[in-house]
Structure formats: structure tokens, C-alpha cells
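The values are calculated or read from the model by the stated rules, or taken from the named source; none is laboratory data. Nothing here was measured: the structure is a model prediction, and the numbers come from that model. Methodologically, a virtual Cβ is constructed for each residue, glycine included, from the backbone with ideal geometry; neighbour enumeration extends over all protein chains shown. Quick note on the areas: whole protein, heavy atoms, side chains included, nothing else; ligands and nucleic acids left out. Shrake-Rupley method; radii C 1.70, N 1.55, O 1.52, S 1.80 Å.
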Amino acid sequence: LCGWGQDVPGGAAGRAARRDLKHLGGYTTFVEDGLLVNKTIPPILPWCREASDPTCSNAMTCMKSSCTDADIAAGDVRIELKVAPNSSPNCKLHTWWNDLVSLQCDMHDTGFGRTTPSLQGADPCSPWTNIGFFNGITGVGLDVAFVRHWSWDPSNMRLYFAVYSQNKIEAIDMVNAIFDNTGNSNPLPIEVRPTSNIASVPAGYDPSTLNAFTFVYGKGEEYETLEGNSRRRIGSSTRDYTVFTINWYGSARLQAGSTYTNRGFYFNSDLESVRATADNLVTKTFIDEISLELWSPRKVDIYQTGTNFVVLAASSAQGQLTTCDSSSSALVCSGTSTPEFGNVPFFYTTCGDLTHFGPDPYHFT
């Protein structure tokens, strides 16, 4: 997952944010470890130098993220990873990435400008994949956590990437050893391949019993009746949780006394049950802005006896009378069934054998 706040659709950091909910299925499902997918991962290709600037005289504009065979025939040049003859990669610490060592190593020709692929994994929609750099002579591979820059300055051969190590010396020595080309009069080619710890989906594989957790938020058509837009965002964080939000934003304004209501669903199930359950619930999602004058509130009273209490509502819309059957109960609080200025909502929450009723929905957190 992209880092929270770095999730602009189609941007360098990935596609975690979606503003087109009406074109999605209306729900998102998270599945426990063990889900395998048959999918062909496309090759990982470094960026290309524009034919119009063969010397990269303008390092800012001479590179592009992809080029076709026709582009190459017309003069574009793709970066080829290699170590020069009789040379070491000469790796050095560049910075840190997610607590991992990020290196700068001499691994391509000079003459290439600034690139920023921010590549994490071989395929953004296949989080079980990784990026592998392989020695083209020995076949020894290196798992790469993050490619920061294929190139940056036309005057040097540096490739910038992070490896799965938190020890600077260990990381430098490891990469220098795998791609050492001293004593070889030819360049050492480096192959970039998608890797995975999943060789293939085994025969008879059945994921139907895997545990799943599903958010059902609808397809967003309801937002078209409101000002603003719908958006789903998913992101990683530096703490032990994944951020997931469905929100209303962009020119979204609530007037004084108005209420925004959004009904969605959460459910646990096995994976096999997700589609049938979620498809049924998608049609029951509801999003709206309700003006104050559209409410028909009724009185709500709380009666208490000792440590016990009961919440009673008037029997009809706009009703103002409640009756408690217990003569020993005392009226301790009154409110309305809909929001009103100056009132605060109360929540009934449980956690194991504990119960809380009050204005703090996070009392047990």
C-alpha cells in the first residue's frame, strides 16, 4: 500500500485513492493470508531517453517513463542496467526508506536524466510480487524493496534503490558482492524481473474458506444528488493499522442545522460468501444531506433505577410524551430522536461484558 497521503490516482505513489465509486463494485474486501491469484505480471522496464535530446542536455525533460519498439527504432534509448567492465557497483548509502537501507550504485551508462518511478513491488495490483535484480552471468538475484530513481544525473551511472536490510554496511557489501564485475572485460548485464514467493496456484486450490472482512459503501450514485464528490482512500501508516476511508469532499458543505447521513455495512464472512452478501447490501446503502426542516423528531427520555436505565421514545413523530412502567425510575435525561442545535448524540457501546452509554463512541479504545 502507498503511504497515507501519497495516494493520488495515477500518481507516482500508486492508485489507492478512487474518486469514481459509481464505476466500482460498491465494496472492498480484505482477505487473510493465503489468497493466491493467477496473473501474468508484466515485465519491469526502466525509463527511456527521448530521441530529441540524445545527450540529456536537459536532465529534467529528457526522460520518459515508457517507450514502444517504434519509439526505440526512432531513436529513444531505454536504460539498460549493467556494471561496467572491470568494475564494482561502488554502492554507497543514499538515504533510508521505511527503515530500510536505500543505496546509490553505479549500474547503468551515463547520459540519462532524472527519473522518479517510486516503484514499490512489481505490480501495484499484485502486492505479493517483488522487484528482482539478477546478475546476468551468475543468475544470483537480489530482492529490491523500492526503486527511487533509475537515473538522476547524466554525468554519473547511479541507480537509486532500497534493499531489505536495516544494516548499512551489510547492504552495501551484499549488493557489491552480487554484482561485482572486477576481472571481467565485458559489462555485467543486470536483469530486472518481477519475483514472487508464489510459484503458481496449486491444483485443487480453493480459497472459499478464507476469512474475509468487507466494507460495503455503495457505488456513489447518491453523491450525484449532493454538492461535492465521493472518494475511497486506502493507505499504509507508520503505526499498526491500515487507513481506509469513504468520505464526501470537494465543495461539500453542510448548512447550519443540516445533517449528513451515510449508511454502509461491515461484515465478516468466508470469502465464498462475500459476493452474494455484499451485492445484496450495496443496494441498501444510503447517502444524503437532510435539512433541519425535513426532520420530524420525537421526544426521547432516559429513565434510571440504580445502575439500570431505559431509553424510551414518544410513540409518534413529533410526540412529546413518554411513559416508564417502573414507578421507581427517575427521569434523568431528555432529548430528541433527531439532531438539534445544542444537543450532542449519545452512543450505546459494548466491549465484552462492559457497557457504556454516553457521548463518547470511543470510550473503550
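Key figures for this structure:
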{"item": "Accessible area (Å², 1.4 Å probe, nearest 10) - residue 36", "result": "40 Å²"}
{"item": "MRE, 222 nm, helices only [DSSP H, n ≥ 4, -39500 (n - 2.57), over the chain, to nearest 500]", "result": "-2000 deg cm²/dmol"}
{"item": "Proximal lysines relative to residue 22, as straight alpha-carbon distance under 24 Å, when same-chain residues fewer than 8 apart are discounted", "result": "219, 284"}
{"item": "Accessible-area ranking of 185, 316, largest first, probe 1.4 Å", "result": "185, 316"}
{"item": "All lysines inside 29 Å of residue 64 as judged from Cα atoms, apart from same-chain residues fewer than 8 positions distant", "result": "39, 82, 92"}
{"item": "Accessible surface, 1.4 Å probe, highest first, among residues 107, 60", "result": "60, 107"}
{"item": "Among (1) -0.60, -1.02, -1.38; (2) -0.51, -0.90, -1.37; (3) -0.74, -1.05, -1.35, the entry that matches log10 I(q)/I(0) by the Debye sum over Cα atoms at q = 0.09, 0.12, 0.15 Å⁻¹ as calculated here", "result": "(3)"}
{"item": "Extension gain, residue 365 back to residue 283 (0.36 nm per residue minus Cα-Cα distance, nm)", "result": "26.4 nm"}
{"item": "Volume of the Cα convex hull of region 206-365, divided per residue and given in Å³", "result": "197 Å³"}
{"item": "Among 40, 65, 88 the positive-end extreme of the charge dipole of region 20-96 (Cβ point charges)", "result": "88"}
{"item": "Total charge dipole magnitude, the chain, about the Cα centre, Cβ charges on Lys, Arg, Asp, Glu only, Debye to nearest 20", "result": "420 debye"}
{"item": "Cα-centre dipole for region 239-345 with unit charges at Cβ (Lys and Arg positive, Asp and Glu negative), debye to 20", "result": "140 debye"}
{"item": "The chain - percent relative contact order, Cα under 8 Å, separation 6 or more", "result": "16 percent"}
{"item": "Ranked packing of 227-233, 17-23, most packed first, by mean Cβ within 10 Å", "result": "227-233, 17-23"}
{"item": "0 to 90° range, to nearest 10: angle between helix 168-178 axis and the chain longest Cα axis", "result": "50 degrees"}
{"item": "Per-residue SASA entry for residue 277, accessible area with 1.4 Å probe, Å² rounded to 10", "result": "50 Å²"}
